[in-house]
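Visitor: Got a structure here, written out as structure tokens. Questions coming.
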Amino acid sequence: MADVTHEIWKKLFCGDLAVCPKKSGADRVLEVGTGTGIWAIEYAEKHEGAQVIGVDMSAVQPQWVPPNCSFEVDDAEEEWAWKSKFDFIFARSMIRSKHDWECLQDDLFPVCSDDGTVDGSNLLKWATYIIEATKKMGQSVTVAPQFKQMMEDAGFKGVVEVQHKWPTNHWPRDERYKEVGRWSCVVASEGLEGLSLALFKVLGWTVPETLTFLPEVGKDLRNVRIHGYWRVYTVYGQKPA
């Protein structure tokens, strides 16, 4: 599903791999939390003159990659061993895996709606439970709105925040967002049970209780009369030399 999520981000960005000025023209690129490596590989393919490094704690990337792309297994939260500087550092979808933040791109977990159709739904209840569970674990999934201030506090200049809506299904009339919603529903549906079982036990839920609740959440997730969306944030800035 990670590669599907990658395509959703590209759809939001009208085919681009990023929204910052360095979406093209960077010489040394680092992707933190590269996962399957699909973003790093595509950037390297599109920019043959760039050296692209993807780093992750799991070695799940393919062996056959462009000659200007490589992967390393490392914890990016530890002291960096790279001697040469990077002119573009990219990270996304790590809101549930990091504690110390500088510059990232991610979603804000509470599900929203502009017309109130999500109010009182099991989908909203589910999202509220997820937030409660992650807070108990010390891993907030509502940190995305703070990214801009975090980057400014870290010394970045010219920090820009870009927001998009990530629909829960294909309810939007706009064709681009309709397609984003169609795929986001697939991703959310696939991960619904695993995520919920892992987190609801923190709240004291039993497995049968969770499995009884989830079908109702799934119905709301697919219900085109519920005009829900997740607000996604992209923040970028420049680190002074």
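The values are calculated or read from the model by the stated rules, or taken from the named source; none is laboratory data. All values reported here derive from a predicted model rather than from experimental measurement. Every residue, glycine among them, receives a Cβ derived from its backbone with ideal geometry; neighbour counts consider all protein chains shown.
Visitor: Scan segment 11-29 and give yes if some residue there is touching a Ser or Thr at 6+ places or on another chain (Cβ under 7 Å) and under 23 Å from residue 64 (Cα atoms), otherwise no.
Guide: There is at least one residue in segment 11-29 that is touching a Ser or Thr at 6+ places or on another chain (Cβ under 7 Å) and under 23 Å from residue 64 (Cα atoms).
Visitor: Given the options 184, 196, name the one that is in contact with a strand residue (DSSP E or B) (Cβ under 6 Å, 6 or more places away or on another chain), at negative phi and buried (at least 18 other Cβ atoms within 10 Å of the Cβ). Working first, answer last.
Guide: On the way: 196 fails: in contact with a strand residue (DSSP E or B) (Cβ under 6 Å, 6 or more places away or on another chain).
Testing whether each residue is in contact with a strand residue (DSSP E or B) (Cβ under 6 Å, 6 or more places away or on another chain), at negative phi and buried (at least 18 other Cβ atoms within 10 Å of the Cβ) leaves just 184.
Visitor: All but one of (1) surrounded by 18 or more Cβ atoms within 10 Å (Cβ to Cβ); (2) part of a loop (DSSP other than H, G, I, E, B); (3) not charged (D, E, K, R) hold for residue 111; which doesn't?
Guide: The failed condition is (2).
Visitor: Filter segment 35-51 down to residues that are small (Gly, Ala, Ser) and under 17 Å from the mean Cα position of the chain (by Cα) and give me whichever is modelled with the lowest pLDDT.
Guide: To start, the set of residues in segment 35-51 that are small (Gly, Ala, Ser) comprises 35, 37, 40, 44, 49-50.
Those still in the list that are under 17 Å from the mean Cα position of the chain (by Cα) too: 35, 37, 40.
On the way: 35: 91, 37: 95, 40: 96.
Only one residue fits best here, namely 35.
Visitor: Can we say residue 234 is touching a strand residue (DSSP E or B) at 6+ places or on another chain (Cβ under 6 Å) and among the hydroxyl-bearing types (Ser, Thr, Tyr)?
Guide: Numbers: touching a strand residue (DSSP E or B) at 6+ places or on another chain (Cβ under 6 Å): yes; among the hydroxyl-bearing types (Ser, Thr, Tyr): yes.
So residue 234 passes the test.
Visitor: A further question follows. Within segment 207-223, track down each residue that is out of contact with any helix residue (DSSP H, G or I) (no Cβ under 9 Å at 6 or more places or on another chain) and either of a type in the set (Ser, Thr, Tyr) or touching a residue at least 24 places away in the same chain (Cβ under 8 Å) (or both).
Guide: Hit for segment 207-223 is 212, nothing else.
Visitor: In segment 35-66, which residues are surrounded by fewer than 16 Cβ atoms within 10 Å (Cβ to Cβ) and either more than 24 Å from residue 21 (Cα to Cα) or among the small types (Gly, Ala, Ser) (or both)? Spell out the reasoning first.
Guide: Narrowing segment 35-66 to residues surrounded by fewer than 16 Cβ atoms within 10 Å (Cβ to Cβ): 45-46, 48-49, 57-60, 62-64.
Those that are surrounded by fewer than 16 Cβ atoms within 10 Å (Cβ to Cβ) and either more than 24 Å from residue 21 (Cα to Cα) or among the small types (Gly, Ala, Ser) (or both): 49, 57, 58, 59, 60, 62, 63, 64.
Visitor: Can you tell me which residue is nearest to residue 17 (Cα to Cα) among those in segment 200-241 that are at pLDDT below 95 and surrounded by 18 or more Cβ atoms within 10 Å (Cβ to Cβ)?
Guide: First pass over segment 200-241, keeping only residues at pLDDT below 95: 230-241.
Imposing the further condition that a residue be surrounded by 18 or more Cβ atoms within 10 Å (Cβ to Cβ) reduces the set to 230, 232-237.
Details: 230: 20, 232: 15, 233: 14, 234: 12, 235: 14, 236: 13, 237: 16 Å.
Only one residue fits best here, namely 234.
Visitor: Still on this structure, I have one more. Kindly provide the set of residues from segment 93-128 that are touching a helix residue (DSSP H, G or I) at 6+ places or on another chain (Cβ under 7 Å), of a type outside the set (S, T, N, Q) and at pLDDT 75 or above, ordered by number.
Guide: Hits for segment 93-128 are 110, 111, 118, 123, 126.
Visitor: Which count do you get for residues in segment 126-152 that are touching a residue at least 24 places away in the same chain (Cβ under 8 Å) and either under 18 Å from residue 198 (Cα atoms) or hydroxyl-bearing (Ser, Thr, Tyr) (or both)?
Guide: 12
Visitor: Is there any pair linking a residue in segment 20-34 that is in contact (Cβ under 8 Å) with a residue 24 or more places away in the chain and surrounded by 15 or more Cβ atoms within 10 Å (Cβ to Cβ) to one that is acidic (Asp, Glu) and outside any loop (DSSP other than H, G, I, E, B), with Cβ under 8 Å and at least six apart or on different chains, and which?
Guide: 33/56; 34/56
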